[in-house]
Structure formats: structure tokens, C-alpha cells
1. Consider A:Ala409 against the criteria (1) modelled with pLDDT of 95 or more; (2) open to solvent by less than 50 Å² (accessible area, probe 1.4 Å); (3) in contact with an Asp or Glu (Cβ under 8 Å, 6 or more places away or on another chain): it satisfies all of them except one. Which criterion is unmet?
2. Can you tell which of A:Ile294, A:Ile379, A:Ile319 is open to solvent by 10 Å² or more (accessible area, probe 1.4 Å), at pLDDT 95 or above and more than 22 Å from B:Ala15 (Cβ to Cβ)?
3. Can B:Ala376 be described as outside any strand (DSSP E or B), within 30 Å of A:His277 (Cα to Cα), open to solvent by less than 10 Å² (accessible area, probe 1.4 Å) and hydrophobic (A, V, I, L, M, F, W, C)?
4. Can you name every residue in segment B:246-262 that is open to solvent by less than 10 Å² (accessible area, probe 1.4 Å) and not in a strand (DSSP E or B)?
5. Does A:Val367 meet the test of being touching a residue at least 40 places away in the same chain (Cβ under 8 Å), β-branched (Val, Ile, Thr) and farther than 30 Å from A:Ile118 by Cα?
6. Go through (1) open to solvent by 10 Å² or more (accessible area, probe 1.4 Å); (2) closer than 17 Å to A:Leu140 by Cα and name the single condition A:Phe280 misses.
7. Quick one: would you say A:Leu79 is over 23 Å from the mean Cα position of the chain (by Cα) and within 9 Å of chain B (Cβ to nearest Cβ)?
Amino acid sequence: MPETLNGVEDVGKTIFERHTPGRVGVNVRASEFPDPSPLPERFRRKNLDLPHVSELGVIRHYTHLSTENPSVETAEYPLGSCTMKYNPKINYEAMGMSGFAQAHPEQPVETLQGTLQIMYELQGMLGEIVGMDAVSLAPLAGAQGELAGDSIIKARHKDRGEEYRQYMLIPDSAHGTNPATAAMVGYGVVSIKTDEQGNMDRKQLADWLKENGKRVAGMMLTQPSTLGLFDPNIEEIADMVHKSGGLLFVDGANLEALLGIARFGDLGVDLNQINLHKTFSTPHGGGGPGSGPICVKEELSPYLPDPVVVKNGHDYDFIRPEKSIGRMGLRHGNFGMHIMAWAYIRAHGAEGLRQISESAVVNANYVGARLMDRYQTAIPGRTWMHEAVLAGLKGGWQKSTNDIAKRMADFGVHPMTVYFPLIVHEAMMIEPTESESLESLNHFVALMSQIADEAVEDPVLLKTAPHVPNTPVGRLDEATAARNPILTWQALNKKQ
Amino acid sequence: MPIDYDRRDGEALHAYIPQTTEDRRQMLEVISQRFPEVQTVDDLFKDVPKDKRYPNLNLPPALSESELRRSLGALARRNTVADEYGSRPSFLGGGTYRHHIPAAVNAISGRGEFTSPYTPYQFEIAQGTLQTGFEFQSFLSILTGMEIVNTGMYEGASATAETGKMARRLTGRENGRVLVADTVNPRILDVMNTYFQGGGVESFSTEANLDQVVNEQTACVVVQYPNYFGVVEDLEQYAEAAHKVGAKLIVNTYPMALGLLEPPGSFGADMVTGDAQCLGNPLNFGGPSVGILACRDEDKRQMPGRLIGVAYDGEGRRGYVLTLQTREQHIRREKATSNVCTTGALVATRSTMYLALTGSSLAQIADENYRGAAYAMAEISKIPGFKVPDVDQPHFNEFVACGPIRPSELNRRLLDISDILGGIDVSSDRYPNGMLFCVTEMNTRQEVDLLLHGLSVIGYEEGYAGNT
């Protein structure tokens, strides 16, 4: 087995390259059953080329890989729009308790009343938090929650014989999942501009509705927006959409700013999804799993996805709402995430939840205020909610936001979100969350200030970042990678 | 009115919220230097309509950590489960499976560096996540016999729905028929109908003449391998029927079975889907899982979900990046192949670690599943009052047994008398009082014999005795 690859240090060696014939990774018991009649030859697998690695070999391999991943548990992670908050360890314990982790979804509900009670209570608590009447925990991520929302809107219009409502209004600052979802459901997307104050352009909205009002299915609005701003005109906007016969869906991805501060249901919103892996602390896991409960006003509750948990006397059960849009997945939603969110809400109570939002908003404004000297603000003059959106370095240095982000990697800190929202030039989105202390915020500000200095004094340092050994590899050539993608070890091995 | 809380000077309110009163005071001072109108926290919420601000949330009071543990304990005790320590046997499968999870998987996957980072868009500081994902793609490519596998979807049923859409794009048949075999899990059909609200999903009988069912308006044929009832069907007939009319064959599969069975890729599958929960993940009441989505190399640009590829830095070091991102929502928005964003990365990470540990043993583990189920099938066939209609067909680890009474009643007796979690109710005309039983390597010989005994007693109680 080669110690070096391509003449450089042994970097990026996969588990397949650690294969040694004869090694064993887990001790398996001998068979307890008599010899059966064999599987027909045509179904019997001929080759199974998996690597053989000892248990310790596997542990070292992945432990080493883990050191190449800064995370919330190693340093501040101010990734805007993602709410990278602390994932309390007691919640993992909850998820791992035998009574919950070993529950099979096909068991009779009488044997799983503990699980159903957790789901029922979570439905109720989430509904209370956002001011909605009915909730289904079925959607498996935020985007699937959006899919449920748009599907409910479509089903409801179809029910009323209004299938001619074919357009979904979406602000130009929206997360990409919003228009992608609308398209999946078959809607045409109408983009509504954001004005110079950072609010929805109500004149454009009014004009469009005047011309086409009859054909509006609804609006997908994020509140606060991806600019980190709460649109004060939301009730007026809701009214305009309703007057044209449309429904207002809110993408609840930014709920972090509003716990105990405002409720969507009080502001004219008809339905929303919530991201448990954002506001409610379930772990991001490097890309999931998530959970995107859908919350609706009473009128829309018959359309909720299957299942919804109900309570009859002392017993809990699942029902399929009478006009349900159907199941979102094989099972009942991501229970592993439900129980973590349940525990998180129970650990805070109403007062604690409000402290989350107040602290998150103070943190974001503090960082924004301290960086305003060196970095452009996206919407001058306005304070932010839970995320501060900046627009690159001041002073016309034209230093790309990308280079700033790469330089941050040299310090073991994951940079803020870059180049989103699309409507902000050289966008940087900073969301500290309530988990960050004043010291870690000051550390982040100091880093950003240092990088701002370097942009002037030593720009090459930014252009060439990140640098080995701060990171395991230098800047990777993704353009070449995309031309002839190598997507498996087998393909790579064939090439070498 | 803002809630008045009694806070001792400087004290932070909560273990998860480090901001103290003093911290807040200092930060507000800095903020008001830039924004003079901000004097209190309330001023930061001035855009929220005043009459709607600070709603009173009717929630139970906060629990301390020890109280939280007690509450959780009380709720967990309300559940009756078959745990990994042998508390009682279970023979439930049907798409979610109880397999042995090596202790090492829990230990490594629980590290904060795997659980708490974001999706790996900043490549150089996410090599841990990216390389693990690349290994997942590679492992599943081997298992399924398909060239390309993405980093995962939510789970198998919605992944199958997405391949239906992919098939329409690939064949150019925008409203193409999506044909789903009646031996596919009925819940998968349900999910596909949710995704295809505009219609187009049709169920077909596997006993029908395929050439009459599949035509040039078909976008794809969807089958399950092994099928929902545990039978291993011949995939080649479906591949032939689909390809003859230019349609795609989509196979939803059970990854553990592929430790023993020849993979769908060998029989002409165009796309393969499934759930990787069975590889190294607990039941978790069915969620989270991670969906498998695999396809041919020439079709990869129509595939949804993230893809990880190899890339090199300026000095030739090997690294991993997200690639072909122009398929995805953050770039193409309404023109994306799908809206999918967050999926099941941590579940996939566990599966990767599982396969790394079982590489040398997976065939043997899968074989034990086969042996246990074969024994159970053969023995149940002999119990008076019971039939195993498909006993002569090839299976992996699941099969249907038809009993003398309703499955719900049979299961109640099995639980009350023998403390066994029985099978899934799949009663139909084809399987009267049909129950789907699953035997995995977690079921000992003793447990299976207990099941046989329990069923014999029920057969006897229902008046069946002696020779069949």
C-alpha cells in the first residue's frame, strides 16, 4: 500500500486504500440456523469488493477525517440563514434512549404511546409558537415543508374550482428552494423586487395584482427576509394577496429572530414551514437530516400531509386528514429530530425562547455594528434581526468576498455565508445565533478586521488562501473537477 | 408588555445562552454608537407591528436538565420496544430494519465534527464531510452495481418519486406514465402520488402481460427488489419491457439484501433507490433515514441531490468538492432538477462507517438473514392453520405467512402471551390474513423458535391440530 500519492503527503486517502485482505472490522456470530436450500444461481451475488479494515483502523481513519472539519463545537460558525447554534447533548441522549430509538414504525400505536405523545405535544407547541391552528410533522426538511405548503395551496384552489391560479409570487431575495419548489408543483414564478429600504416593492406587487390578480395562487415570503430585515408592511402585503384570492405562505427558515417576539399567524399568514434543524437546534450533520413541520390555519387543516397525531381521551393515534395531500415519505417524519426539538423547547419554556431571539438579534447587530467601518452594509441605516448582511469590503478595493472567506479558513473558522442573497453584490451573511459569547463574537470581529487590513497590505495572502497546513489542502480546482467528474473510488482507481 | 424577569446582576439566563445582562449592556452601547435610535433590546424590534409584538406563548415552564431526563424517562417507559439488548423479539420489517450496529459507529459518528458542521460548500474546511460523502457514494455504487450515486436524499420513497420525475426528463415524455408494480410497498405509491399531484402515476399488476401494460407513453416502470412481500423477482423482464419502448427501469431496493443478492445494476436498472437506514442506523421510529439515488453515468446531469467529486489543489494534493452544482436549487432556482437541499448526511455518514467496519463480513451477515428467514418459512409452513404461499420462491429475509385469524388479533396474542412483536398486516385477496415477517441477524435461533411456538399455540387455539 503506497505511503504517498502523487509525490505529496498522504492526503485524501480513502478507506478503500486501507484495504488489507484478511482484516476484520466487526466480530460476527456463527450461524444458528440449519443449511437452507440455496438461492437460485442467477440471484446469488458474484462479487462484493468492499475494503477489509480492522476496527481500530476504521476508528483512526474517521477520527482523522473529523479533524479536517471545523464545526460548531470547535469554533464560531456564523453561517447566515443556517442558524448554526449549539446542539445540546441531552437531546442526543433523548434520541438515543432505547424506548425511542428502538421503536419500529409498524408497531401497533398502543405500544408506542410515549412516541405519539411527544409528537402530539410538539405539534401543539410549534403551533403555539407561530400562531397556527394545525401542524403535521411529516415533512423531512425545510424544502419538503415548502413542497407541502405549495401542494396544500394548489389542492385548496383546485377544490374551489380555481385551478386557473397558476402563479406564485416570490421575492427576488428568496432562498433558491422557494422558486424550485414552486416549479416542482407546476407554478409559474413571478419575482417581486426588493426596494432600497430592503422591503418588498409594494408598488410592483400592486401593479402585478391589478393586471393578473385572478391568476395568483399565493406568495412565498421569508420573514425576516434573507437580508436579515423584518418587513414592517407584512400585514398590508398579506391583505393584498388575500384580496386577490391568494394564500400567504411564509418560509419559516428565519424563525430564530421571532420566538416570543411575533407569530406568523397573528400577521395574516395562512401557512408556514419550520426548520427544526435551524431554530430548534437539531444538528446540521454536514447536510442533514432535517425536519420541516408544516403549520396551517384551521381552514387548511384538512389538506395537511399524512400523518397528523390526534388525542382521543388518554390515547394518541395517527390520522390521515380527510383531504390530505398524501404522505411525504415512507414513515411518519423524522422522529429523531422531533424528540430533540421537543426536549429543546421543554428546556427553555416561553421565557427561554424569547431570550434566544433577543440574544440572537443583539449578537447579530453587535457584529454588524463593529464591522460597519470596514465593510459595506447592504441596506444602510437599518438595524438587523438575527443576521447581519454586508456587501463586501469598503474602500473600493474590489476584493472578492470569496477570497475573504477562504482566508478565514486559515484560522480554523467557518466563514459567513457568501454570495447570498443574490440581490446583494459581494454578499456576506453573518448569523451568530444566541450560542455565541461576547468573546467569540469579538474573536470573529478581530479576524474580519485583520483580513480587511490584509486586503490592503497583502492582497496575495487572500488570493492564495487557504494555506496548508492550516487546511489539509489548498484551494481546490473545482472547475477542472466539473469537466470530468470522478464521483467514486472505483472511477478514481481506474484512472490512476 | 415585555416579560419582567428576575435576574441577578450579570447572570446569564440559560446554559445554552451565554449572553449575560452585562454582556447585553455593553453590546447595546456599541450598537447605539452606530444606530443612536437603539437604546434597548425592544428598539431592535421596532419593525414588528407594536400590537403584535411579544405574544404570550402558552407553553409549559422550562425544565432543568435533570427534570428533562425524568420526563423523557417517563415517556420512554410508555413504549414497548425490542431493544438491542434482547428485551424481546421483533419480526417487523417492511422497509425499516433492525440490524446490528457496531459500537464503533455510534462512537465516531457522535463526534461534534461530524454532527455539527453545515453542508460542505466551503470545500477546503470541510474535507472530513466531503471525503466521508465520497466514500458513501463509492460504497453504494459497489452495492447497487450502478455507476453514479449521490450523497443521499431524504429517504427511499421520496427518492423513488424524484426518479420518476427524472425519468420524464430523460425520456422527454413530459407527462409520461409512471408505472408502479403492485408488489411495491403501497406507501411508496402514496408518496409518488403526493409528488405527482398532476397525475400520471399508475399501479399495474405483476401478473399482467407487461407488453400490454408498458407503451410509448411510459416514462418509467418502478419495481422493488426484493419486493414488498419479500419475494425476489426477475428484474430482466421489467428491464426488457421498459427498454423496448424507450422507458426507464427504476428499482427500489434493500441495501442489506445486496450483500447477498446480485445487484439491480446487473439486470439493466436505469435508476436505483432505497433507504440506507438499514446500514448502521437505529430504527428511530422510521426517521431519520437517508435515501439512496443511483443512476447511469450518462444520466447524471439530470440527477437531483448533491454529488461529491475528486479535485486537486495547486500542489497536486487530492481533495473533494461538491460538483455539477448547476443542477441544484441554489444555482438554478426554478430550473433546478429538484428543490432538495438538506437531506440525510449524518445518516449516510453512519452508513459509511458501518460499511467500513463490515466490509469483510457483510456477505456473512446478509447470509445469516437469509438462513434465519428460510428456516422460519419452512417451519411455519408446517404449522397447522398457517400457509406460506410463496415458500418455493426466492426470498432474502422477509416473507408472507397467512394465518387463521386477523393479523391484528394474532399480533395482540403474540405480544400478550409470548412477548413477541409480530409481523405486518398485509392482508389482501392474494394473502388472506397475510402477515409480513422479517428475520434479521438480530433474531437468535431461540427467538425464531419462540415465534414458531407462539404461532403453533394460536393455530391450536383456533382448532387446527395434527397433520396439515
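The values are calculated or read from the model by the stated rules, or taken from the named source; none is laboratory data. Computed from a predicted structure; not experimentally measured. We place every Cβ from the backbone using ideal geometry, glycine too, and count neighbours over all the protein chains shown. What goes into the accessible areas is simple: the full protein's heavy atoms, side chains included, and nothing from ligands, DNA or RNA. Shrake-Rupley method; radii C 1.70, N 1.55, O 1.52, S 1.80 Å.
1. (1)
2. Details: A:Ile294 fails: open to solvent by 10 Å² or more (accessible area, probe 1.4 Å); A:Ile379 fails: at pLDDT 95 or above.
From the options A:Ile294, A:Ile379, A:Ile319, the qualifying one is A:Ile319.
3. Working: outside any strand (DSSP E or B): yes; within 30 Å of A:His277 (Cα to Cα): no; open to solvent by less than 10 Å² (accessible area, probe 1.4 Å): yes; hydrophobic (A, V, I, L, M, F, W, C): yes.
When the stated conditions are applied, B:Ala376 does not pass them.
4. B:Ala247, B:Pro255, B:Met256, B:Ala257, B:Leu258, B:Gly259
5. Details: touching a residue at least 40 places away in the same chain (Cβ under 8 Å): yes; β-branched (Val, Ile, Thr): yes; farther than 30 Å from A:Ile118 by Cα: yes.
Answer is yes for this residue.
6. Among (1) open to solvent by 10 Å² or more (accessible area, probe 1.4 Å); (2) closer than 17 Å to A:Leu140 by Cα, the lone unmet condition for A:Phe280 is (1).
7. Values: over 23 Å from the mean Cα position of the chain (by Cα): no; within 9 Å of chain B (Cβ to nearest Cβ): yes.
Considered against the rule, which asks whether it is over 23 Å from the mean Cα position of the chain (by Cα) and within 9 Å of chain B (Cβ to nearest Cβ), A:Leu79 comes out as no.
The rows are residues; the columns are (1) modelled with pLDDT of 95 or more; (2) in a helix (DSSP H, G or I).
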{"residue": "B:Gly10", "(1), (2)": "no, no"}
{"residue": "B:Gln26", "(1), (2)": "yes, yes"}
{"residue": "B:Glu29", "(1), (2)": "yes, yes"}
{"residue": "B:Asp43", "(1), (2)": "yes, yes"}
{"residue": "B:Leu57", "(1), (2)": "yes, no"}
{"residue": "B:Arg69", "(1), (2)": "yes, yes"}
{"residue": "B:Leu72", "(1), (2)": "yes, yes"}
{"residue": "B:Ala82", "(1), (2)": "yes, no"}
